[in-house]
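Asker: Structure incoming, see below.
Nothing in this text is a laboratory measurement; each read-out follows from the coordinates by a stated rule. What you are looking at is a predicted structure, and each value in this text was computed from that prediction instead of being measured. Don't worry about glycine lacking a Cβ; one is built from the backbone with ideal geometry, like all the others, and counts go over all protein chains shown.
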Amino acid sequence: MSIRFVMIGGFLGAGKTTTIARLANEYRRRGMNVGIVTNDQAEDLVDTLTLRELGNHVGEVAGACFCCNFDELADTISDLGRQHQPDIVIAEPVGSCTDLVATVVQPLMHLYDEQYDIAPYGVILKPSHGQKILGGGRNAGFSPKAEYIFRKQLEEADFIALNHIDRLAQEQIQELAGLLNEAHPDVPVIRMSARAGTGFDDLVEMFDRRGQFGQRILELDYDIYAEGEAELGWLNCSFVATGDEPFALDDLLTGIIEALKLSLAEIDAETAHLKAIGLWEGFHGVANLVSSDSPAELSLPSDCQTRKAEMVVNARVAVDPDLLDQQVRSAIHDVCGRLNIHHELRRSQSFRPGRPVPTHRFSRQSD
């Protein structure tokens, strides 16, 4: 029996992890076994920890994107299959990746034939960048090369999910939907809020569709693509926080994200996404920031008072990685000091993503 393969793309901060968590809950409600595969350029991924803490079976492909580490993706799905017998696997690619139809979907179709039942490839739209880029704003947030990636992500989608509609006025929703229809007139657009659940039935119905999907193979300039990705500083770090007295884990999480928002704004560094998770003895909380002009948000409150917590911070920012590392270390130091918390850094990785070199790339559609 084939495994239903669902892949959900979208730019950094679009809401992929929240969408996947809600989607997994819906499939389990139907009595289906669900596996999830997350993806990152480095270890210590907040998304993996978040989804596991929510009770999901999660495999992780770390160290390269799905396209450049296709064999590990296939092995990870196989491992989930042996351990948990999933009816459906949901894959979350790196948010700065594109060309996923030619390098992931088509290889699965060609090389694994009957093993996978491919769902429509959905790309989630991040409204803040959609309004700037699709609206032709002069300050779209990133360079034209990063904008190129954003546009190419939408171009290969079988459908586009306009997310965060609970945060938008009705006229903003209509404007964005109109811009999407103008740019991609043959691509269905659904409107939803992964956080609130609004429009989620439409998303599930779209993923349930059968047919010839995953056929939109891009014409892509890999030089522009590589240079666009390399403009982002990438950081994953982990540390242990301890207090002489119990402290509010949520205050630590939001404090770090808010401190980073302010310090990055001072050096005019555009944020693609910031995430922090804290975990201790069955409790977990997540705070994040999806763009420089958005508020910091406690997306998963822990409501926890603790003397100790395992902390992970992920940052994707248009800035030199060494400077990003300094900013994150400083934010952790300052916030922990203000809250009378001791901290011990365990690991920190900061870098620019390397040039994508896909394991496979199919330039023709499957039969």
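Asker: Run down the lysines and flag those whose C-alpha is under 20 Å from the C-alpha of Lys145, throwing out any fewer than 8 positions away in its chain.
Answerer: Once the sequence-local lysines are set aside, what remains near Lys145 is Lys126, Lys132.
Asker: Place a +1 charge on the Cβ of each Lys and Arg in the chain and a -1 charge on the Cβ of each Asp and Glu, then give the dipole magnitude about the Cα centre in debye, rounded to the nearest 20.
Answerer: Details: 33 positive and 55 negative charges, 70 e Å.
Dipole about the Cα centre, nearest 20: 340 debye.
Asker: A follow-up question, please. Just want the answer: with Cβ charges of +1 for Lys and Arg and -1 for Asp and Glu, which residue in Thr306, Leu253, Thr271 is farthest toward the dipole's positive end in region 233-351?
Answerer: In region 233-351, that residue is Thr306.
Asker: Work out the charge dipole of region 3-229 with +1 on the Cβ of Lys and Arg and -1 on the Cβ of Asp and Glu about the Cα centre, then indicate which of Val94, Ala62, Thr76 is farthest towards its positive end.
Answerer: After comparing all options, I get Val94.
Asker: Please give the length that would be gained between Glu297 and Asp71 if that part of the chain were fully extended, namely 0.36 nm times their separation in residues minus their C-alpha to C-alpha distance (nm, one decimal).
Answerer: Separation in residues times 0.36 nm, less the Cα-Cα distance, equals 77.8 nm.
Asker: Check every DSSP H run in the chain and write down those whose alpha carbon atoms cover 24 angstrom or more along the long axis and whose mean Kyte-Doolittle hydropathy is 0.0 or greater.
Answerer: Span-like helices, by this rule, are 249-266.
Asker: Okay, moving on. For a paramagnetic label modelled at 7 Å from the Cα of His360 toward its Cβ, which residues of region 181-213 fall within the zone defined by backbone nitrogen distances under 19 Å?
Answerer: Of the residues in region 181-213, 212-213 have backbone N under 19 Å from the label point off His360.
Asker: Starting from the amide H of Arg307, placed 1.01 Å from N in the peptide plane, find each other amide H under 5 Å away whose residue is 5 or more places distant or on another chain.
Answerer: Distant-sequence amide H within range of Arg307: Phe247.
Asker: Can I ask one more? With +1 assigned to the C-beta of every Lys and Arg and -1 to the C-beta of every Asp and Glu, and no other charges, what is the dipole magnitude of region 233-351 about the Cα centre in debye, to the nearest 20?
Answerer: Details: 9 positive and 18 negative charges, 66 e Å.
The calculation lands at about 320 debye.
Asker: Over the chain, what is the percentage of antiparallel beta bridges among all DSSP beta bridges, to the nearest 5? Spell out each step's value before the answer.
Answerer: Values: 40 of 68 bridges.
Close to 60 percent.
Asker: Of Ser330, Thr50, Ile217, which is farthest along the charge dipole of the chain in the positive direction, counting Lys and Arg as +1 and Asp and Glu as -1 at C-beta?
Answerer: Final value for the positive-end residue is Thr50.
Asker: What is the extension gain from Ala183 to Asp221, computed as 0.36 nm multiplied by their sequence separation minus the C-alpha to C-alpha distance, in nm to one decimal? Walk me through the numbers before you get to the answer.
Answerer: Working: separation 38, 0.36 × 38 = 13.68 nm, distance 1.95 nm.
That pair, Ala183 and Asp221, stretches by 11.7 nm at full extension.
Asker: Note down the magnitude of the dipole of region 165-272 about its Cα centre, charges +1 on Lys and Arg C-beta and -1 on Asp and Glu C-beta and zero elsewhere, to the nearest 20 debye.
Answerer: Values: 7 positive and 23 negative charges, 107 e Å.
So the magnitude is around 520 debye.
Asker: Mind sorting Thr18, Thr103 by how few other Cβ atoms lie within 10 Å of their own Cβ, fewest first? Show your work: numbers first, answer last.
Answerer: Details: Thr18 21, Thr103 25.
Placing the least packed residue first, the sequence is Thr18, Thr103.
Asker: Right, another one. Can you tell me the order of 28-34, 9-15 when each peptide is scored by its average per-residue count of other Cβ atoms within 10 angstrom, highest first?
Answerer: Numbers: 28-34: 13.1, 9-15: 25.4.
Packing order, densest peptide first, comes out as 9-15, 28-34.
Asker: Fewest Cβ neighbours within 10 Å first, please rank Val104, Val357, Val313 accordingly. Each step should come with its number before you reach the end.
Answerer: Working: Val104 30, Val357 12, Val313 26.
Starting with the residue having the fewest Cβ neighbours, the order is Val357, Val313, Val104.
Asker: I'd like the GluC sites (Glu not before Pro) in region 275-329 restricted to DSSP loop residues with at most 14 other Cβ atoms within 10 Å, sorted by number.
Answerer: On the way: sites: Glu281, Glu297, Glu310; in loops: Glu281.
Filter output for region 275-329: Glu281.
Asker: With the calculation restricted to Cα positions, what are the radius of gyration and Dmax of the chain in angstrom?
Answerer: Over the chain's Cα set, Rg and Dmax evaluate to 19.7, 64 Å.
Asker: Rounded to two decimals, what is the ratio between the C-alpha radius of gyration of region 233-351 and 2.2 N^0.38 Å? Could the numbers behind the result be given before it?
Answerer: Values: Rg = 13.1 Å, N = 119, 2.2 N^0.38 = 13.5 Å.
Normalised Rg, Cα atoms only: 0.97.
Asker: Okay, moving on. Quick one: among Val328, Val189, Val204, which has the greatest mean-square fluctuation in a GNM of the chain with alpha-carbon springs under 10 angstrom?
Answerer: Val204
Asker: Ok, one more. Once the cut-off is 16 Å, how many percent of the Cα-Cα pairs in region 52-141 end up in the long-distance tail?
Answerer: Counting every Cα pair in region 52-141, those more than 16 Å apart make up 64 percent.
Asker: What percent does the relative contact order of the chain come to when contacts are Cα pairs within less than 8 Å and at least six residues apart?
Answerer: Values: 786 pairs, mean separation 77.1, N = 367.
Computed over the chain, the figure is 21 percent.
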